[in-house]
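One structure is given below, represented as structure tokens, and several questions about it will come after.
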Amino acid sequence: MLKFNYYSPTEISFGKNTEELCGKLVKKYGGSRAAVIYGGGSAVRSGLIDRVKASLEAENIEYKLLGGVVANPLLSTAQKMAEEAVLFNADFILAVGGGSVIDTAKAVAHAVAAPGTQIWDFWTKKVPITKSTPIGVVLTISAAGSEMSDSSVLTNDFKTPPTKRGITTEFQRPKFAIMNPELTMTLPVYQIGAGAADIFMHTSERYFTNILGNHLTDEIAEGLFRTIVKYGPIGVADQNNYEAMSEIMWCGSISHGGLTGIGAKGDTARDGDWSCHQLGMALSALYNSTHGATLSAVWAAWAHYVMDENIERFANFARKVYGVQLEDNKAAAEEGIKFTNEFFASLGMPLSLTQLLGHEPSDDEILKIATECSYDNTRTIGCFKVLNFDDMVAIYKACR
């Protein structure tokens, strides 16, 4: 296990009706003027926004409602919301939604703390983030883990074609996260499945790394794998199952809070590999594909491409997560990949680019996707096996 610092300051309020506490929590963390950021009409139709408003009003907190966040959060939306939040003199940003809403809120929080700075300059690291506005979350989708994480993503829709980037900073960890599993029960089944796939992948990216010997960390990761593999399909089949939806929700937070990768921070990765996320983000940028679905579409091809770097790691994954009994490491690893694809399929997720996109991408399309993923052939990705442009093309072709 390598030397590490672990910082997870987000206060969690978990369970039924916890959204009624948001006013008290905003006040606890110094908020008096809250910019409330949310997505489409579902948060309004369900009555959640009204409950949030009542909770804020009960604590005499002024608020500005800013709705309209879409999946694969857009720079243009974040920029517009930031301008309105600055005019409102917001001193707190409250996200009511899932990962796209939370990531947009994080962008707004940075902009409010540094008026006049272009948001994309933070995402390209042209301007360092040295402070931010406090953020709170009322979570409605179990997936991204952004309610506890130090990361966020944005799609720059001002560019043609659009490009998607992520940033990591401790300044964007939310102060609190309100997590009521009942709020996820009205989601479309596809979103529940995509969320479960994303949760699985946040731990997969940390588990398949070139830094080994993290025995307790591995046990935590393997337990999370087993839990999401069990309860993800149950939630897809019956979204009113409180036990399943609560397990999925807590898996989402733990999976991306850093705990499942502690001690594995190498020179070439923050706390894991992240190749599949980079491969998937390129697809989201170019096709506006659902994030979790992009990950399930590429995972098996990536796994087959890299597993010989440490076949024992893949075999151990198969044995610990799926109970595979095969002694031969290669055969066990193949079983683990097969069972993971079966898990993704049970969630209703695609297992190939053709299933994801609705057509088989041409060689020219593959090159364009790899160009986006490699930032115009200027970077490599991953650390379990470092992947260059040609590797990316080969993986995209293998999952075609």
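Where the centroid of each part is defined by its Cα atoms, how far is segment 357-400 from segment 288-309 in Å?
11
Another question, then. Could you give the size of the charge dipole of the chain about its Cα centre, using +1 on the Cβ of each K and R and -1 on the Cβ of each D and E, expressed in debye and rounded to the nearest 20?
Once rounded to the nearest 20, the dipole reads 900 debye.
Sorting Thr10, Thr354 by accessible area (1.4 Å probe), largest first, what list results?
Most to least solvent-accessible, the answer reads Thr354, Thr10.
Find, among the GluC sites (Glu not before Pro) in segment 309-400, those assigned to loop by DSSP (not H, G, I, E, B) with at most 10 other beta-carbon atoms within 10 angstrom.
Glu327
Return the inverse of the average 1/r over all pairs of distinct C-alpha atoms in the chain, which is the Kirkwood hydrodynamic radius, in Å to one decimal.
Radius from the Kirkwood sum: 21.2 Å.
Determine by what factor the alpha-carbon radius of gyration of segment 1-101 differs from 2.2 N^0.38 Å, reporting the quotient.
1.18
5 Å is the cut-off here: which amide hydrogens, built 1.01 Å from N in the peptide plane, fall below it relative to Arg33, excluding neighbours closer than 5 in sequence?
Asp91, Phe92
Could I ask something else about it? Could you give the length gained on full extension between Val44 and Ala237, defined as 0.36 nm per residue of separation minus the Cα-Cα distance, in nm?
Contour length minus the Cα-Cα distance gives 66.9 nm.
Hey, can you find the accessible area per residue of the chain for me, probe 1.4 Å, expressed in square angstrom?
40
Percent relative contact order of segment 16-57, based on C-alpha pairs within less than 8 angstrom and at least six residues apart?
64
If I stretch the segment between Lys159 and Met1 completely, what's the gain in nm (0.36 nm per residue apart, minus their alpha carbon distance), one decimal?
Taking Lys159 through Met1 to full extension adds about 52.7 nm, to one decimal.
Helix 75-87 versus the longest principal axis of the chain: what angle, 0 to 90°, nearest 10, using Cα atoms?
20
Heavy-atom accessible area of Val69 with all protein chains present, probe 1.4 Å, nearest 10 Å²?
20
Now, a different point. Given the pairs Lys125/Lys385; Lys64/Lys175; Lys16/Lys230; Lys28/Lys164; Lys131/Lys159, which are separated by over 31 angstrom at their Cα positions?
Going by Cα-Cα distance, Lys28/Lys164 fall outside the 31 Å limit.
Over the Cα atoms of segment 108-258, what Rg and Dmax result, in angstrom?
So, for segment 108-258, Rg and Dmax equal 17.0, 48 Å respectively.
In terms of modelled amide H atoms, which long-range or inter-chain residues lie less than 5 Å from the amide H of Ser152?
Amide H to amide H, under 5 Å and 5 or more residues apart or across chains, Ser152 pairs with Ile167.
Got a number for the accessible area of Thr155? Probe 1.4 Å, square angstrom, nearest 10.
10
While we're looking at this one, here's another question. What does a probe at Val70 reach in segment 12-50, counting residues whose amide N is under 19 Å from the point 7 Å along Cα→Cβ?
37-44
Another question, if that's okay. When the chain is treated as a GNM, springs tying every alpha-carbon pair under 10 Å, which of Arg51, Arg206, Arg379 comes out with the largest mean-square fluctuation?
Checking each option, the largest mean-square fluctuation is seen for Arg379.
In the Gaussian network model of the chain, springs joining C-alpha atoms below 10 Å, which of Lys159, Lys338, Lys330 carries the largest mean-square fluctuation?
Lys159
While we're on this one: Report the gain in length on full extension from Asp390 to Gln355: 0.36 nm times residue separation, minus Cα-Cα distance, nm rounded to one decimal.
Stretched out fully, the Asp390 to Gln355 stretch lengthens by 10.3 nm.
When the accessible area of the chain is split by element with a 1.4 Å probe, what percent falls to carbon and sulfur?
Carbon and sulfur: 51 percent of the exposed surface of the chain.
Moving to a separate point now. Note down the relative contact order for the chain as a percent, whole number, built from C-alpha pairs under 8 angstrom at least six residues apart.
Reported relative contact order: 15 percent.
If you scale each eigenvalue of the Cα gyration tensor by 5 and take the root, what three semi-axes come out for segment 56-140, rounded to whole angstrom and sorted largest first?
Sorted largest first and rounded, they come to 20, 15, 11 Å.
Next question. Can you give the accessible area of His359 in Å² (nearest 10), computed on protein heavy atoms with a 1.4 Å probe?
70
If you rank Tyr7, Tyr190, Tyr63 by how much accessible surface each has, with a 1.4 Å probe, what is the order from largest down?
Reading off the accessible areas and sorting them downward yields Tyr7, Tyr190, Tyr63.
Can I ask one more? With the chain treated as a Gaussian network of Cα nodes joined by springs under 10 Å, which of Pro233, Pro115, Pro134 yields the largest mean-square fluctuation?
In the Gaussian network model the winner is Pro115.
Another one. What does DSSP give for the chain in terms of the percent of beta bridges that are antiparallel, rounded to the nearest 5?
Rounded to the nearest five, the antiparallel share is 25 percent.
Sticking with this structure for a sec: Give the whole-number value, in cubic angstrom per residue, of the convex hull volume spanned by the C-alpha atoms of segment 190-273.
Cα-based convex hull of segment 190-273, divided per residue, equals 74 Å³.
Right, here's the next one. Given +1 on the Cβ of Lys and Arg, -1 on the Cβ of Asp and Glu, and no further charges, what dipole in debye does segment 166-277 carry about its Cα centre, rounded to the nearest 20?
The calculated dipole for segment 166-277 is roughly 200 debye.
Net charge near Tyr396: determine it from the other residues with C-beta under 15 Å of the C-beta of Tyr396, scoring Lys and Arg +1 and Asp and Glu -1.
Computed value for this residue: -4.
The values are calculated or read from the model by the stated rules, or taken from the named source; none is laboratory data. Keep in mind the model is a prediction, meaning the values are calculated, not measured. Reconstructed Cβ throughout: ideal geometry from the backbone, glycine too, with neighbour counts over all protein chains shown. Surface areas here come from the heavy atoms of the whole protein model, side chains and all, with no ligands, DNA or RNA. Shrake-Rupley method; radii C 1.70, N 1.55, O 1.52, S 1.80 Å.
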